[in-house]
Amino acid sequence: MRRLTALCAAACVLAACASDSNDGSTGTAAQVTFATSPTATETTGSEAPGTDTSDTTGVATTGTESPSTAPASTAPLTTESISYTSIATGLSAPVGLALRAGDDTLFVVEQDGHVVPVRDGAVGAPVLDVSGEIAFGGEQGLLGLAFHPTKPLAYVDYTDSSGNTVIAEFAVAADGTFDAASERHVLEIDQPYANHNGGNVVFGPDGYLYIGMGDGGASFDPERRALNVAEWLGKILRIDPVAANGQPYTVPADNPFVGVAGAHPEIWSVGVRNPWRFSFDSATGDLWIGDVGQNEWEEVDLSTAAAGAGRGVNFGWSAMEGTHRRNDDQSPAGATGPIYEYPHGDDGCSISGGVVYHGNAIPSLDGWYVFGDYCSGHVTALHATNGVLDGNVPLGVVSNVVSFGIGADGELYVLSVGEGTLYRVDAA
């Protein structure tokens, strides 16, 4: 029963379908800069957003020109280059994967409130159980996990019994077991609706914790939160989560909104709808985001390390859905468009953001960003040079693909929430 309930509840975790209408269409992929200011703020208005009915295939652009066909891949990577090897089965609504320094264990986040270790293909007993503290179902539950890079601490993102976001800290023993009694709430954020909770937590190359926050839910950003810097919702946040000087966390002094009147200083990036999985390229420090769209377009956002890795960047929602105008009362000024987008339809309806591969098993995949779509199961690899898309290769299908991760071996792993299976990506 636990297994069946978990899978049914997870059916909308990424599709953002709890209260949204997701109708199919066909469409595009692109990188576009709309204007120059990084600090868009909220305006008021109730004009209904329009519906984009354009019908094109995946494309890439730079600047403000119209989309054009993406260049062919310059790397010898093909669909036939890779295979998927089942590593562990019987997982209950697995939605995330985390790695601890000095440990080859794969820690799997189960949406129903457990973190379970996978060692040599064997699923161990939970090392953390917060099932009694969370709201579980739809897009709610235990959603993210990150281990501190230098301290025996872990941070999780879950929706509590009231449906609000909690970032909690736990002490972690040498064997990887979490000390339940050590739980400390670092940050709590009210959620107005049950969907678009974000949920990803990642330590960046700078050692700070980045937190993905969706726009708060419903559909079309009804309270216009995503571009409002007085709101945490619709943002990526950046903090030092370790308690210091009597405070539960510290805001880094170089955060872009520190000292900006009326703005939350924790904000790193603005204008995201539901950033279900973002990651930093371990070799370059570039920030890649898979941002779940409304009812027509899914997008991949890229902010290179040279451009600040998301610092102060406005990714456009809800003025824009991908490269397409959405809420007319929200200004697109300063918005940076996606490097890639695709339409609802055969390609899918809900993006699962991925990671950049730098392993040894598949040399042709080195430097490629790999992501998937929950609805279609399509897995895709993108390649960019200096922030410009120059490669796009399909890599087959993993049903209900929900998350990606890199193991201690440097290899790529994929989670299927529908199957309850952890896969490793191998050379074919």
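Could I have the simple spin-label model distance between Ala218 and Ala333, label points 7 Å from Cα toward Cβ, reported in nm to one decimal?
2.6 nm
Work through the residues other than Ser399 whose Cβ is under 12 Å from its Cβ and net out their charges, Lys, Arg +1 and Asp, Glu -1. Don't skip to the answer; put the middle values down first.
Numbers: positive: none; negative: Asp373, Glu419.
Value of the local net charge: -2.
Please list 106-117, 124-135 highest first by mean number of surrounding beta-carbon atoms within 10 Å per residue.
Details: 106-117: 24.3, 124-135: 17.2.
Per-residue Cβ counts within 10 Å, averaged per peptide and sorted highest first, yield 106-117, 124-135.
Using a simple spin-label model with points 7 Å from Cα along the Cα→Cβ vector, what separation in nm is obtained for Gln247 and Ala173?
According to this spin-label approximation, the distance is 3.4 nm.
At a Förster radius of 56 Å, what calculated FRET efficiency corresponds to the Cβ-Cβ distance of Ala261 and Asp346, to the nearest 0.05?
0.75
Extension gain Glu80-Ala180, at 0.36 nm per residue separation less the Cα-Cα distance, in nm?
Numbers: separation 100, 0.36 × 100 = 36.00 nm, distance 4.49 nm.
Between Glu80 and Ala180, full extension yields an extra 31.5 nm.
If you average the alpha carbon positions of the stretch 126-180 and of the stretch 395-426, how far apart do those two centres end up, in angstrom?
What the calculation gives is 21 Å, centre to centre.
Using 0.36 nm per residue of separation minus the Cα-Cα distance, give me the extension gain between Thr150 and Ala306 in nm, one decimal.
On the way: separation 156, 0.36 × 156 = 56.16 nm, distance 2.54 nm.
Here the segment from Thr150 to Ala306 would lengthen by 53.6 nm.
Obtain the nm distance between the two label points defined at Ala427 and Thr284 by a simple spin-label model: each point lies 7 Å from its Cα along the Cα-to-C-beta direction.
According to this spin-label approximation, the distance is 2.4 nm.
Bear in mind these aren't lab numbers, they're just calculated from the coordinates by the rules spelled out. Please read all numbers here as calculations on a predicted model, not as lab measurements. Methodologically, a virtual Cβ is constructed for each residue, glycine included, from the backbone with ideal geometry; neighbour enumeration extends over all protein chains shown.
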